[in-house]
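Have a look at the structure below before the remarks.
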Amino acid sequence: MLPREKDFRSRLRGAQVTARVGVWLGLCFWIAFVTGVFSHYAQESTGATWLPTRPVSLYRVTQSVHVLVGTACVPLLLVKLWSVYPRLFARPDVRRLRATTVHLLERVSILALITSAIFELATGLANVTQWYPWSFGFRPSHYAVGWVATGALALHVAVKLPVVRSALGSDVDAAEPRTGSPAAGSAPAISRRNLLRATWIAAGTAVVAAAGSTVPWLSRVSVFAVRTGDGPQGVPINGTAAAAGVRKQIDDPSFRLVVDGPARRVELSRRDLERMRQHEADLPIACVEGWSAVGRWSGVRVRDLLALVGAPPDSRVKVRSLQRGRRRFDLPPQFAADPLTLLALGLDGEPLSEDHGYPCRIIAPGRPGVTQTKWVKRLEVVG
């Protein structure tokens with residue numbers, strides 16, 4: 001037999017706890033939603049023409065915030081679900097049709113909110129570790145369910161707003177006004193106030209434990225950080241040249257970079273590129289998993305390569321890689337024209353390692369790492 005709401009006697013549960021945890025959980029969800037939408041469109045293969053090139057760490061900051069607030073949501077959601085768990089067993093008043101209908105609609109909205117929230121957190125955490133035990137595409141699914149979670153959250157807040165306002169206006173440790181409620185049991189070992197303090201500490205600890213992927217001085221204590229600066233030339237990578245199947249091609253002495261423009265087409269060897277005027281830029285590379293690192297990249301400005309083929313500096317450029325089957329990414333006009341956008345040949349004073357894109361790769365300010373194409377073989381002006 002299923003338990004009833006009155007069977008749960010802990011006084012730690014109650015609207016005071018639920019409302020306070022819910023406010024922070026809702027705030028974290030809204031931040032995660034906004035930064036997630038930004039990330040989704042920044043990764044469009046045709047290039048986001050609205051994406052600014054400054055500040056250069058824009059994507060690094062927004063995606064780090066997205067992952068960290070998502071991490072903070074885990075303990076907040078667990079406490080929130082624990083605090084409202086008894087309400088799931090509340091029986092509707094079947095003698096009143098309107099009350100029953102409202103009760104069922106509320107349960108449906110809560111079901112949508114809980115399931116979508118769990119899906120978002122579970123798939124997001126799996127993505128951080130690059131573990132994909134499913135057959136669907138992560139990015140479109142995470143994006144779509146994010147809208148479901150946000151809509152369900154907005155509806156839930158609208159329905160519960162009077163209760164939330166009342167709970168926030170009362171003392172945290174005040175007794176529940178309803179007789180027979182879960183708060184009517186004996187006094188717990190700790191107070192609700194201390195439960196909330198423990199919740200904030202847990203959320204803060206989770207953030208610190210994951211922040212080392214983007215905050216280097218936290219790397220030693222960030223036990224959940226999957227990338228902490230390790231990698232070729234001190235910059236992490238997601239994919240190796242061996243895994244991409246490009247080793248033979250990058251070692252081929254006949255390699256030529258093709259730049260195809262409206263006036264002419266040129267082919268340049270690695271040595272030809274090295275003879276061109278070289279530039280340096282301190283730029284971060286930031287990935288959707290939340291990790292990021294800064295390197296000093298050196299190479300040829302993309303706009304200088306466009307000038308070789310008679311293309312204006314603000315052209316749209318299609319970038320093609322030696323890696324087969326890889327999603328191709330355009331370089332939008334504002335990035336092609338930016339003086340910091342390089343066809344990089346080196347990193348931190350050394351030639352690019354093969355895993356960082358040797359013989360040449362794209363590095364541009366403020367773009368997701370997945371769009372910073374490695375092992376570039378062709379630049380084609382398309383507009």
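The values are calculated or read from the model by the stated rules, or taken from the named source; none is laboratory data. What you see is a predicted model, and the numbers here were worked out from it, not measured in a lab. Note that we place each Cβ from the backbone using ideal geometry, even for glycine, and neighbour counts take in every protein chain shown. When the accessible area is computed, the model is the full protein with side chains, heavy atoms only, and any ligands, DNA or RNA have been set aside. Shrake-Rupley method; radii C 1.70, N 1.55, O 1.52, S 1.80 Å.
Some notes on this structure:
- Residue match in the range 331-340 (condition: over 20 Å from ASN238 (Cα atoms) and among the polar types (S, T, N, Q)): yes
- For the range 340-352, the candidate set comprises residues that are open to solvent by 30 Å² or more (accessible area, probe 1.4 Å) and closer than 18 Å to GLY231 by Cβ; within that set, the residue that is nearest to the chain's Cα centre (by Cα) is ASP348.
- Here PRO284 clears all of (1) within 20 Å of ILE362 (Cβ to Cβ); (2) more than 28 Å from the chain's Cα centre (by Cα) except the condition numbered (2).
- Some residue of the range 252-262 being over 30 Å from HIS66 (Cβ atoms), buried (at least 20 other Cβ atoms within 10 Å of the Cβ) and over 34 Å from the mean Cα position of the chain (by Cα): yes
- Condition broken by GLY310, with the remaining ones in (1) more than 30 Å from TRP131 (Cβ to Cβ); (2) in contact with a strand residue (DSSP E or B) (Cβ under 8 Å, 6 or more places away or on another chain) satisfied: (2)
- Residue, modelled with the lowest pLDDT, within the range 186-227, restricted to residues that are crowded, with 17+ Cβ neighbours inside 10 Å, touching a Phe, Trp or Tyr at 6+ places or on another chain (Cβ under 8 Å) and assigned to a loop (DSSP other than H, G, I, E, B): ARG227
- Members of the range 255-308 found to be more than 29 Å from PRO216 (Cα to Cα) and of a type in the set (Asp, Glu), listed by number: ASP260, GLU267, ASP272, GLU274, ASP304
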